[in-house]
1. What are the residues in segment 142-169 that are more than 15 Å from ligand 1 (Cβ to nearest atom) and surrounded by fewer than 21 Cβ atoms within 10 Å (Cβ to Cβ), if any?
2. In the list 114, 77, 119, which residue meets the criterion of being of a type in the set (Lys, Arg) and under 30 Å from residue 294 (Cβ atoms)?
3. Within segment 206-216, identify whether any single residue is more than 14 Å from residue 19 (Cα to Cα) and of a type in the set (Asp, Glu), and answer yes or no.
4. Just wondering, is there one or more residues in segment 164-180 that are near ligand 2 (Cβ under 10 Å from one of its atoms), farther than 23 Å from residue 330 by Cα and touching a strand residue (DSSP E or B) at 6+ places or on another chain (Cβ under 7 Å)?
5. If I ask for residues that are at pLDDT 95 or above, in a loop (DSSP other than H, G, I, E, B) and near ligand 1 (Cβ under 9 Å from one of its atoms), which ones from segment 11-66 would you list?
6. Report, ordered by the first and then the second residue, all pairs with beta carbons closer than 8 Å, sequence separation of six or more or different chains, a first member in segment 10-23 that is in contact (Cβ under 8 Å) with a residue 40 or more places away in the chain, and a second member that is in a strand (DSSP E or B) and within 7 Å of ligand 1 (Cβ to nearest atom).
7. Tell me whether segment 293-308 contains one or more residues that are more than 29 Å from residue 83 (Cβ to Cβ), charged (D, E, K, R) and not assigned by TED's automatic domain parsing to the domain that holds residue 55.
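The values are calculated or read from the model by the stated rules, or taken from the named source; none is laboratory data. Computed from a prediction, not measured in an experiment: that's the story for all the values here. Note that we place each Cβ from the backbone using ideal geometry, even for glycine, and neighbour counts take in every protein chain shown.
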Amino acid sequence: MSKKKLVFSGVQPTGNLHLGNYLGALKKFVSLQKDMECIYCVVDLHAITVFQDPIQLNENILETTAGFLASGLDPDKSIIFNQSSVSGHAELAWILNCVSRMGWLNRMTQFKDKAGADKEKASVGLYIYPNLMAADILLYKATHVPVGDDQKQHLELSRDVAQKFNNDYKCKDFFPLPEPLISKNISRVMSLRDGTKKMSKSEESDYSRINLKDSADEIRKKIKKAKSDSEPIPDDIKMLEKKPEALNLLTIYAELSKTDLKKTIAEMSGKDYSLLKAKLTEILIEEIAPVGKEIKKLLNDKQQLKKILLKGSEKANVIAEENLKNIREKVGLI
Ligand code: AMP
Ligand code: TRP
């Protein structure tokens, strides 16, 4: 068995890349590319599990690609491509649909959240989405998967699918069991308006999130309006857990200033939230505004972005085809 380490992760092209994507995923993608082989995918087939306007989807695929590059991903170091251009993802997903179990999918909380009250009306794609995610990872025999905490359950399913395939087809260790890489300090960035909900692309209010494309002015306004607390910042983490919006602001500040929450609380306790907000605004503008500017600049040359995706797809396809040949053989297909 090859013991080679390989990183794979994906981001859906559904618009509004935000601070949660940046701290939970993109920043980690960038640090991993320094010393590991990495494959990063714009997962367009995942996006269409919920209807997407075709023109908007096309734009969002390029914008997400620009977001990857603007955050620091380098197409000479990492393979960067869009999922639908490597047909092996869909082919392996079908095979894995036949390995995965209904009972496993029925436990997926993201499906329950996204499908809402009327599950009968959800697309079949949305239901089997975790099997496509398993296919994305296993197609490359990836060993490490950097994601935010919300993807933990899907990763566990990918491991179960890999293990069942290895057992069913009597090929121990054929698929490595992928390891999630989830940041301990900031696994889930929360909404600026409701600290019990994660920051999300689809939340109606734009004030709930910092978008990577936000200008310095927009960042300033959003942090000013962010929910906090009327009492000074407490010195006790237990107290803060009862104030999720305040805890979220402190956690984001700690992460961006490359320190930990404990030290940040020690620095800030007894002070007013306006001071934290001022410092947070400053550091956000310093780190996020240049990323947004770069995204906008990259979007001026869409042909170049398409070229990068095409080159990445060609590289990804070579690995995918080689692995698929063995997978088809294991299953008994001719
Ligand atoms: P998505 O935009 O849902 O495709 O997510 C892309 C990546 O960003 C995944 O690894 C997610 O786990 C991560 N992510 C999305 N939202 C958040 C958040 N609020 N906090 C931390 N990570 C997040
Ligand atoms: N499901 C992930 C999300 O919504 C995106 C994704 C698709 C992914 N395939 C993947 C992440 C494979 C990691 C590995 O964020």
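1. Scanning segment 142-169 gives 143, 159, 160, 163, 164, 166, 167, 168, 169.
2. Only one candidate passes the filter, namely 77.
3. no
4. Looking only at segment 164-180, we keep the residues that are near ligand 2 (Cβ under 10 Å from one of its atoms), and these are 178, 180.
Subsequent filtering for residues that are farther than 23 Å from residue 330 by Cα retains 180.
So of that shortlist, the ones also touching a strand residue (DSSP E or B) at 6+ places or on another chain (Cβ under 7 Å) come out as 180.
Scanning segment 164-180 turns up at least one residue that is near ligand 2 (Cβ under 10 Å from one of its atoms), farther than 23 Å from residue 330 by Cα and touching a strand residue (DSSP E or B) at 6+ places or on another chain (Cβ under 7 Å).
5. Across segment 11-66, the qualifying residues are 12, 13, 14, 17, 43.
6. Filtered contacts from segment 10-23: 17/11; 20/198; 21/11.
7. No, because not a single residue in segment 293-308 is more than 29 Å from residue 83 (Cβ to Cβ), charged (D, E, K, R) and not assigned by TED's automatic domain parsing to the domain that holds residue 55.
Residues checked against (1) touching a residue at least 40 places away in the same chain (Cβ under 8 Å); (2) surrounded by fewer than 17 Cβ atoms within 10 Å (Cβ to Cβ); (3) over 30 Å from residue 163 (Cα atoms):
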{"position": "184", "(1), (2), (3)": "no, yes, no"}
{"position": "228", "(1), (2), (3)": "yes, no, yes"}
{"position": "232", "(1), (2), (3)": "yes, yes, yes"}
{"position": "237", "(1), (2), (3)": "no, yes, yes"}
{"position": "240", "(1), (2), (3)": "no, no, yes"}
{"position": "247", "(1), (2), (3)": "yes, no, yes"}
{"position": "255", "(1), (2), (3)": "yes, no, yes"}
{"position": "271", "(1), (2), (3)": "no, yes, yes"}
